[in-house]
Each structure stands twice: as C-alpha cells, then as structure tokens.
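To keep things clear, I will list the structure first and then write my remarks on it.
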Amino acid sequence: MRRTGTTRRSALTATGAFALGAVLTGCGDGPGAATPPGGTTDAGAASLRARTALRAAAARDSASLLSRYEQVATAHPVTEAGLAPMGAAVREHLAALGGPAKAASGSPSPTPPAAASDARAALKELAAEERRVADGRATALLTAEPELARLLASIAAAGAAHAYLLTELAKETPA
C-alpha cells in the first residue's frame, strides 16, 4: 500500500529545490548587480559615507568618555582603582572603533565639563554620561550595517554595565 500525502522525503526535496532556486535567483545580473569599473554606485558611496560617519561619531563618544574617566580619576584619587578597569575597557572600545588610543595633542576635542567636587557626584555624572552614550549607540543600531551594529551593540551593553557599576561605586565611595 502506498502512502498518501506529504512524506518526509518529499518535504525535504521541496525544501532543497526552494533553497536552490533562491540561491540561483541571487546570482543573476539584475539592476544594480554590477558596479562600474573602478568606481562605486551613488548608493554605495552614500552607504560608505554613512558607515564612516557613524563609526567616527562612536569613536568621538568613546574618546570623550575616556577623557571623562581620566578627569574623574585625577580629580578624585579615591576612585582611581575602581575606574581603572572601566577606563581600560573604554580605551579598547575606542581602538575597536578605529580611534586613537589617546587623543592627539594637536587635534581639537570637546572639553568635558569639570568633574564635580564631590567624588560621589562625579561618579554619578559619569554613570549618567555612560547611559547617554550607550542609549545613543543602541539607537544607532537601527541604521548601522550588520558588522558595525554588532560592535555597537557590544559596546552599548558594556556601557550599560559600566553605568550600573559606576552607580554602585558611587554608593560605596566615601563622601
């Protein structure tokens, strides 16, 4: 007696045929499939500019954060041990984004506001800045290319963790 209906073998065959059709469709010479020799399309150039601008903005944010970490650690030596690992992580984020590990002396960079005179207040302000930057990076994920989006998501998650740790460090720091 022959079985009627869909069998496992016929379902797998149909799935394979569908996948093969999808792959072959992607290999065709459709509109925009070929770029002019020695150049890129206007959309490709615009996409490249957008990616470069997004990465540069993220690097500037990391440079500003690193400057804030150094400023708070210098102004409040009691916080230096707690801030050192997070500052090192921000330095690595800056390097991953293609920025310099240390700001060049001749390059103009935004001067962060002066650290609060109280160590707790300075740590809370730094935590708020970390949250602001992490939120901005999470928003940027919507327009980022996949590789940059993964990097930004990872750095945003680290920033959110830093904000939490800074808040806890503020609670433990003597006034």
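The values are calculated or read from the model by the stated rules, or taken from the named source; none is laboratory data. It should be emphasised that the depicted structure is a prediction, and the values quoted were computed from it without experimental measurement. When we count neighbours, we look across all protein chains shown, and the Cβ atoms used for this are built from the backbone with ideal geometry, even at glycine. Each accessible area value is taken on the protein alone, full model and side chains, heavy atoms only, with ligands, DNA and RNA left out. Shrake-Rupley method; radii C 1.70, N 1.55, O 1.52, S 1.80 Å.
Details
- Simple spin-label estimate for Ala45 and Ser154 gives 3.2 nm between the two label positions (7 Å along the Cα-to-Cβ direction from each Cα).
- Converting phi to 3J(HN,Hα) with the Karplus coefficients 6.51, -1.76 and 1.60 and the offset θ = phi - 60°, the range 52-65 yields 5, 5, 5, 5, 5, 5, 5, 5, 4, 4, 5, 5, 5, 4 Hz in sequence order, with x at every glycine or proline.
- Accessible area (Å², 1.4 Å probe, nearest 10) - His76: 20
- Whole-Hz ³J(HN,Hα) from phi, Karplus 6.51 cos²θ - 1.76 cosθ + 1.60, for the range 127-138, glycine and proline x: 5, 5, 5, 4, 4, 4, 5, 4, 5, x, 5, 5
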